[in-house]
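S.K.: Mind having a look at this structure? Questions to follow.
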Amino acid sequence: KKYKEGMEKTRTSFSSKINNLLARYRSVDEDFFEELEDILISADVGVTTVMDLIDELKMEVKRQNIKETDKMKEVISEKLVEIYYGEDSDQIESMNIQNDELTIILVVGVNGVGKTTSIGKMAYQFKQEGKRVVLAAGDTFRAGAIEQLEEWGKRAEVDVIKQSAGSDPAAVIFDGIKAAKSRKADVLICDTAGRLQNKVNLMNELSKVNRVIEREVPGAPHEVLLVLDATTGQNALSQAKTFSEATNVSGIVLTKLDGTAKGGIVLAIRHELNIPVKYVGLGEQVGDLQEFDAHAFVYGLFA
Ligand code: GDP
């Protein structure tokens, strides 16, 4: 699915509110900005991000001496993209894929957010690109997680390395690395358990897994992707905070954007946490994962 289709709910809601606003206000005044603020907050852009955005918009309006609202759609789109990237960002926006050596992607996130599904979709995409992919079933904790990953492995036609339920995730990932090396794989995607109830446990488990990966493949993991569910709104933000304290999150996979009218959460995550969104999930099918593109996303809102 492309943004236009996958973000139907956000787009219909957002663009109808914006069009309605622009139809009612001819001149750009304080009331206009206040209503715009409400629209953005209702789309889950997040209070901090909205405030920064409104400030930027007011400055731009002054700078360009804009009096009437007919030019505002363009200005709002531009500023939404700008607010997404922020200033002085040293983040790598697209996936950090190694060319001639093994790329290791570690995937973290709480249960139910769409972690397994996203791993399956990624595996399928890499496979479509002609890459050799191995999956490591490191979520040995959640019942059925290993079997579910195997299902996705079959669908994407990639190998899944596993041990029995309850075994040590770091040991599974160690096996995964060995298998990936001997099969000359291009990409190894490692699943992990999503226990958040106990932050110390989570930190210990992730740092053990990280140590194994770092030891076996210097420079890896190349990506630590945190999977968040867009339909949980501001809750997703707080999960992102917790996980970035536990490990070095390099990117976000934001799932279920198709299931919410509040897609503005993408902007809040990037702006407030300075973590780039690398993929968005736009449905339940294997092809419903897109590399995130802030331009396409924002312009999709108005399309
Ligand atoms: P996990 O516990 O984090 O591994 O979550 P799962 O991968 O099992 O996904 C939980 C549910 O969310 C499943 O029913 C998936 O089909 C669904 N899901 C995952 N990603 C998306 C998405 O992008 N859009 C929609 N609509 N559903 C999704």
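Every number here is computed from the coordinates shown, using simple stated rules; none is lab data. Owing to the predicted nature of the structure, the values given are computational and were not obtained by experimental measurement. Cβ coordinates were reconstructed from backbone atoms using ideal geometry, including for glycine residues, and neighbour counts include every protein chain displayed.
S.K.: Report the full-extension gain for the segment Ala296 to Arg24: residue separation times 0.36 nm, less the Cα-Cα distance, to one decimal in nm.
M.R.: 95.2 nm
S.K.: Taking the Cα centroid of segment 266-303 and of segment 138-167, what is the distance between the two, rounded to the nearest whole Å?
M.R.: Cα centroid of segment 266-303 versus Cα centroid of segment 138-167: 27 Å apart.
S.K.: Compute log10 of I(q)/I(0) for segment 152-303 with the Debye formula, placing one identical point scatterer on every Cα and leaving out solvent, at q = 0.08, 0.13, 0.21 Å⁻¹, to two decimals.
M.R.: Rounded to two decimals, the profile gives -0.26, -0.69, -1.42.
S.K.: Over the chain, what is the percentage of antiparallel beta bridges among all DSSP beta bridges, to the nearest 5? Numbers along the way, then the final one.
M.R.: Values: 4 of 28 bridges.
Bridges in the chain are about 15 percent antiparallel.
S.K.: Right, here's the next one. Along Cα→Cβ, 7 Å out, is where each label goes; now give me the distance between the ones at Asp168 and Glu129 in nm to one decimal.
M.R.: Those two pseudo-labels are separated by 3.3 nm.
S.K.: Of Asp159, Asp293, Asp38, which is the most mobile in a GNM of the chain whose springs link Cα atoms less than 10 angstrom apart?
M.R.: Maximum among the listed residues: Asp38.
S.K.: Can you give the net charge of the other residues whose Cβ lies under 11 Å from the Cβ of Ser42, counting K and R as +1 and D and E as -1?
M.R.: Numbers: positive: Lys17, Lys262; negative: Glu35, Glu37, Asp38, Asp44.
Result for the neighbourhood of Ser42: -2.
S.K.: Span-like helices, the chain: DSSP H, alpha-carbon axial extent 15 Å or more, mean Kyte-Doolittle -0.5 or greater, which ones?
M.R.: 30-42, 47-63, 72-85, 169-182
S.K.: Starting with the fewest neighbours, write out Glu157, Glu5 ranked by other beta-carbon atoms found within 10 Å of each beta-carbon.
M.R.: Least crowded to most crowded, the residues run Glu157, Glu5.
S.K.: What shape does segment 21-63 take by its C-alpha gyration tensor, where a ≥ b ≥ c are the square roots of the eigenvalues and a/c under 1.5 counts as rounded, a/b above b/c as prolate, and the rest as oblate?
M.R.: Verdict is oblate for segment 21-63.
S.K.: Here is a follow-up. Can you tell me how much longer the chain between Asn204 and Val81 gets when fully stretched, taken as 0.36 nm per residue apart minus their C-alpha distance, in nm with one decimal?
M.R.: Value of the extension gain: 40.6 nm.
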